[in-house]
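Novice: Here it is, the structure, as structure tokens.
The values are calculated or read from the model by the stated rules, or taken from the named source; none is laboratory data. It should be emphasised that the depicted structure is a prediction, and the values quoted were computed from it without experimental measurement. Cβ sites come from the backbone with ideal geometry, for glycine too, and all protein chains shown count toward neighbours. We work out accessible area using only protein heavy atoms, side chains counted, and drop any ligands, DNA or RNA first. Shrake-Rupley method; radii C 1.70, N 1.55, O 1.52, S 1.80 Å.
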Amino acid sequence: MAVRSEIDPQNIPAHVAVIMDGNGRWAKQKGGLRIFGHQSAITAVRETVEAAAELGVRYLTLYAFSTENWSRPAHEVMALMQLLVHTIRQETPTLLKNSIRLQAIGQTESLPASCQRELAEAMELTKDGNRMTLVLALSYSGRWDLTQAARRMAADAAAGKLRPEEVQESTVAQYLTTAGMPDPELLIRTSGEQRISNFLLWQLAYTELYITDLLWPDFRRTHFEEAVKAYQRRERRFGKTSEQLTVS
Ligand code: IPE
Ligand code: IPE
Ligand code: MG
């Protein structure tokens, strides 16, 4: 509560993206298997969703599984997929109750059929949620997103539906899987790693980065609030000088 009272309700980021990292290391520290870390991460997800919705964040994008994560040992990938199905099933009633709409970005066709079914069902059930949109990045990578956008733009140009000379930055944005969402103002990454790991490459162009050494399973609502508080202390200059910002 203490942190929350220090947050300016007029300056809440509309879109927060999170790289939920460190489950494996968390489990190792506890002498457990990596999957124990993934299982223990659900509380962190739940608290982050709640904290974001309560603060008035409009879009929360969670990096749950990257294109590169397919290269992990098959048993870990399978366990993650099972956990995904189980968690979506378990959490959908809470999302519904709180008017939270679930969406997914990524190459979801590559997910096991059970995951695709569960996702589709939960997205359909929650589609009228208007308090916050929870976006799961699944089998997602920034380069994949840009590539699928380029492919579809090329197809539309070839079909005469898109004139190359009229392609603007806003056109590219419309072909990305995040079309219609504001760019994230804040990116949180846990576990201390200082990299983007092929997340929202285009969309993070001017995002404020907040990296914490906490491992994801230890992340709680107060840590989310700390990140928003830190964001509010940043000066977002977008290439201008500090003086320009205070004058206008
Ligand atoms: C993040 O934790 C979860 C996924 C990438 C699915 P990790 O599994 O990457 O945990 P570390 O980085 O090995 O500790
Ligand atoms: C990034 O974490 C992907 C997700 C959180 C889903 P990784 O653990 O896969 O990232 P790297 O490989 O260490 O950069
Ligand atoms: Mg990791």
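Novice: Using the Cα gyration tensor of region 93-248, with a ≥ b ≥ c the square roots of its eigenvalues, what is the shape: rounded (a/c below 1.5), prolate (a/b larger than b/c) or oblate (neither)?
Specialist: On the way: a/c = 1.76, a/b = 1.09, b/c = 1.63.
Verdict is oblate for region 93-248.
Novice: What number, in percent, do you get for the relative contact order of region 15-232 if the mean sequence gap of Cα pairs under 8 Å and at least 6 apart is divided by its residue count?
Specialist: That works out to 30 percent.
Novice: Under a crude label model (7 Å from the Cα following the beta-carbon direction), how far is Arg89 from Ala158 in nanometres?
Specialist: With each label point 7 Å from Cα toward Cβ, the separation is 4.1 nm.
Novice: Here's something else I'd like to know. Tell me the carbon and sulfur percent of the accessible area for the chain, rounded to whole percent, probe radius 1.4 Å.
Specialist: 51
Novice: Of Ser191, Ser110, which has the most accessible area and how do the rest follow, probe 1.4 Å?
Specialist: So the residues, ranked largest to smallest area, are Ser110, Ser191.
Novice: Is the shape of region 17-146 rounded, prolate or oblate, going by the alpha carbon gyration tensor and its root eigenvalues a ≥ b ≥ c, with a/c under 1.5 for rounded and a/b larger than b/c for prolate?
Specialist: prolate
Novice: Okay, moving on. Using a 1.4 Å probe on the protein heavy atoms only, what accessible surface does His38 show? Give it in Å² to the nearest 10.
Specialist: Per-residue accessible area (His38): approximately 10 Å².
Novice: Counting other Cβ atoms within 10 Å of each Cβ, which trypsin sites (Lys or Arg not before Pro) in region 181-226 have at most 10 and sit in a DSSP loop?
Specialist: On the way: sites: Arg189, Arg195, Arg220, Arg221; in loops: Arg195, Arg220.
Those that pass, being in a loop and sparsely packed, are Arg195.
Novice: So, one more: Are there any helices in the chain, counted as whole DSSP H runs, that stretch 27 Å or more along their axis by Cα and score at least -1.0 on average by Kyte-Doolittle, and if so which?
Specialist: 74-97
Novice: Sort Arg89, Arg233, Arg46 from largest to smallest accessible area, using a 1.4 Å probe on the heavy atoms of the protein chains.
Specialist: Sorted descending by solvent-accessible area, the residues read Arg233, Arg89, Arg46.
Novice: Here is a follow-up. Near the amide H of Leu186, under 5 Å away, which other amide H atoms are found, from residues 5 or more places off or on another chain, if H is placed in the peptide plane?
Specialist: Close amide H contacts, sequence-distant or interchain: His15, Ala17, Glu208.
Novice: Another question about this same structure. With each pseudo-label sitting 7 Å past Cα toward Cβ, what's the Ala74-Gln29 distance in nm, one decimal?
Specialist: With each label placed 7 Å out from Cα toward Cβ, I get 3.3 nm.
Novice: How large is the accessible surface per residue of the chain, computed with a 1.4 Å probe and reported in Å² as a whole number?
Specialist: Solvent-accessible surface per residue comes out at 52 Å².
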